[in-house]
Amino acid sequence: MKMKIALIPGDGIGPDIVQEAVKVLDAVGAVYGHSFEYATCLAGGCAIDATGVPLPATTLETCKKSDAVLLGAVGGPKWDKLAGSMRPEKALLGLRGGLGLFCNLRPALLYKQLSAACTLREDIIGDGLDIMVVRELTGGIYFGERGRSAAGDAAYDTMAYTVEEIERIVRKGFEIARKRRKILTSVDKANILETSRLWRETVERIAPEYSDVTLNHLYVDNAAMQLVRNPHQFDVIVTENMFGDILSDEASMITGSIGMLPSASLRADNFGMYEPIHGSAPDIAGKDLANPIATILSVAMMLRYTFSLTKEADAVEAAVSSVLDEGWRTGDIMSEGMKQVGTKRMGDLIVSKVK
Ligand code: IPM
Ligand code: MG
C-alpha cells in the first residue's frame, strides 16, 4: 500500500517525538511492504511565528489531500498571552472542525510494566486498567455560539447538538464496545441539560440494534467519581465534547503514564488525525528527553483505524511492550532498577523490535 501522511510536528517536544514515530512508520513500511510519503506542515505556535496565524490554510489543504495526519503537540508559554482566536489551541479546533473529525478515541491503558505509576491503590486497580473514552469532537459547547455583552460584564457559551451528531458518535461507541468487553457507558447531564436529554433519548432509541452490548447511563459528576472509585466497571465511555475532554484527562491520569497514551480523531470514512494526549512540554524540547511512545502508539492507531493494517498495528504495540519488558525507560516513566534512555534511543529500540 502507498500512503500519504501529513506531519504536523508543532511546538515544544512535538518535532522530537514525531521524528521517532516516522522512524517506526518507515520500519513498518520496510518490513510489510508499504510506502509512506510525508508532507510536513505548520500549526500552532510555530505557525503563528512564521505566518501570523495558528492554522495556515495551506496546512488544512495538505491535510485534506493526505490519507492521515500525525500531530506532535501545539502550544507553549510563549503564546499564552495571545487573544483567544490567535492561540495555538485554535489550530486543533480548526483541524478538528475543518477535517470533520467528530470521533475522538482516547484509550486509558495501564501497562503492567508501569503499574507502579498508577495513581490508585493496588486493591482498587487490581490487574490493570483498559478503558476507551469515545469523545464527540466537533459539536457542543466547543463549537457553539459565544460572546460578551456590549458592556463586557456578561458572557455566554452555547451547547447545541443535533440528533444526527449524537447518533453517529453513539454508534461508534457501540461498535467499539462490540469489539471489546461489550459494556458501553453513556455519560450525560440529563437531569439538567436539554442537550443531554436529547442525547439519552437517542442512545435509548438505537440501543436495541446493539443488544449484545450492555448499556449504562451515568451523570457526568457520578462518572467522574466512579472512575476513581471502581474503574473496572468501565469498558467504553461515550460522551459529548466537553465531558469527554474532562473525563479523558481523569482516565488517563489514573494510569500515571501520560507519556504513553495515544489518541485518534476520526471522520466517518476513517480518515484520521493521530496525536499523543500529552502536551508540548517546552521545558524539555530538543533535549532528547521526551518520551516518544505515545506518538509511536498513535502511529499504531493510524495503522489500525485508518489503514486497517491490523497486523502492522499489533507489531508496533508488541514492539513497545517488549522494549518495556526489557526495562528500557525514558525519564518520565523511569523507576529503580530500570535502564534510562533518551528520545532517539527509545525510538531506535522500538524500531529494532519491529524489524
Ligand atoms: C484536548 C485539549 C484541547 C481540548 C484544548 C487544547 C483545545 O484539552 O485535546 O483535550 O480542550 O479539546
Ligand atoms: Mg483536554
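Of the listed requirements (1) under 15 Å from VAL134 (Cα atoms); (2) within 16 Å of ligand 1 (Cβ to nearest atom), ALA223 misses just one: (2). Any idea which residue in segment 220-272 is nearest to SER66 (Cα to Cα), counting only those that are within 16 Å of ligand 2 (Cβ to nearest atom) and of a type in the set (Ser, Thr, Tyr)? Taking the candidates together, the pick is SER265. Scanning segment 54-100 for residues that are within 16 Å of ligand 2 (Cβ to nearest atom), among the aliphatic types (A, V, I, L, M) and crowded, with 21+ Cβ neighbours inside 10 Å yields a total of 6. If the condition is being under 24 Å from the mean Cα position of the chain (by Cα) and at positive phi, then segment 308-352 contributes only SER308. Looking only at residues in segment 21-75 that are of a type in the set (Val, Ile, Thr) and either modelled with pLDDT under 95 or in contact with a strand residue (DSSP E or B) (Cβ under 9 Å, 6 or more places away or on another chain) (or both), the one that is nearest to GLU89 (Cα to Cα) is VAL74. Pairs are defined by a Cβ separation below 6 Å, a sequence spacing of at least 6 or placement on different chains, a first member in segment 150-170 that is among the small types (Gly, Ala, Ser), and a second member that is assigned to a loop (DSSP other than H, G, I, E, B); the pairs so defined are ALA160/GLY144.
So for segment 188-195 (the condition being at pLDDT 95 or above and buried (at least 24 other Cβ atoms within 10 Å of the Cβ)), does at least one residue qualify? So far as segment 188-195 goes, yes, one or more of its residues are at pLDDT 95 or above and buried (at least 24 other Cβ atoms within 10 Å of the Cβ). Taking the criterion of being of a type in the set (Phe, Trp, Tyr) and under 24 Å from GLU175 (Cβ atoms), the only residue of segment 107-142 that qualifies is TYR142. The residues in segment 132-146 that are more than 16 Å from ligand 1 (Cβ to nearest atom) and either buried (at least 19 other Cβ atoms within 10 Å of the Cβ) or at positive phi (or both) can be counted, and the count is 0. So which residues in segment 238-250 are more than 16 Å from SER265 (Cβ to Cβ) and β-branched (Val, Ile, Thr), if there are any at all? Answer for segment 238-250, where residues must be more than 16 Å from SER265 (Cβ to Cβ) and β-branched (Val, Ile, Thr): just ILE246. The conditions are (1) under 21 Å from the mean Cα position of the chain (by Cα); (2) at pLDDT 95 or above; (3) not in a loop (DSSP other than H, G, I, E, B); (4) not hydroxyl-bearing (Ser, Thr, Tyr), and ARG180 fails exactly one of them. Which is it? (3) is the only condition that ARG180 fails. Of all residues in segment 308-355, those satisfying the criterion of being touching a residue at least 60 places away in the same chain (Cβ under 8 Å) and under 15 Å from ALA117 (Cα atoms) are LEU324, THR330, ASP332, ILE333, SER335. Does LEU215 meet the test of being in contact with a helix residue (DSSP H, G or I) (Cβ under 9 Å, 6 or more places away or on another chain), within 16 Å of ligand 1 (Cβ to nearest atom) and outside any loop (DSSP other than H, G, I, E, B)? Against the criterion (in contact with a helix residue (DSSP H, G or I) (Cβ under 9 Å, 6 or more places away or on another chain), within 16 Å of ligand 1 (Cβ to nearest atom) and outside any loop (DSSP other than H, G, I, E, B)), LEU215 does not qualify. Residues satisfying the criterion are present in segment 58-70 (criterion: touching a helix residue (DSSP H, G or I) at 6+ places or on another chain (Cβ under 9 Å) and within 16 Å of ligand 1 (Cβ to nearest atom)). Against the definition (within 21 Å of GLU165 (Cβ to Cβ), within 16 Å of ligand 1 (Cβ to nearest atom), surrounded by 15 or more Cβ atoms within 10 Å (Cβ to Cβ) and modelled with pLDDT of 95 or more), how does THR185 come out, yes or no? Criteria not met by THR185.
Count of segment 99-114 residues, restricted to those that are under 24 Å from ILE284 (Cβ atoms), hydrophobic (A, V, I, L, M, F, W, C) and not in a strand (DSSP E or B), is 2.
The values are calculated or read from the model by the stated rules, or taken from the named source; none is laboratory data. If you're wondering where the values come from, they're calculated on a predicted model, not measured in any experiment. Methodologically, a virtual Cβ is constructed for each residue, glycine included, from the backbone with ideal geometry; neighbour enumeration extends over all protein chains shown.
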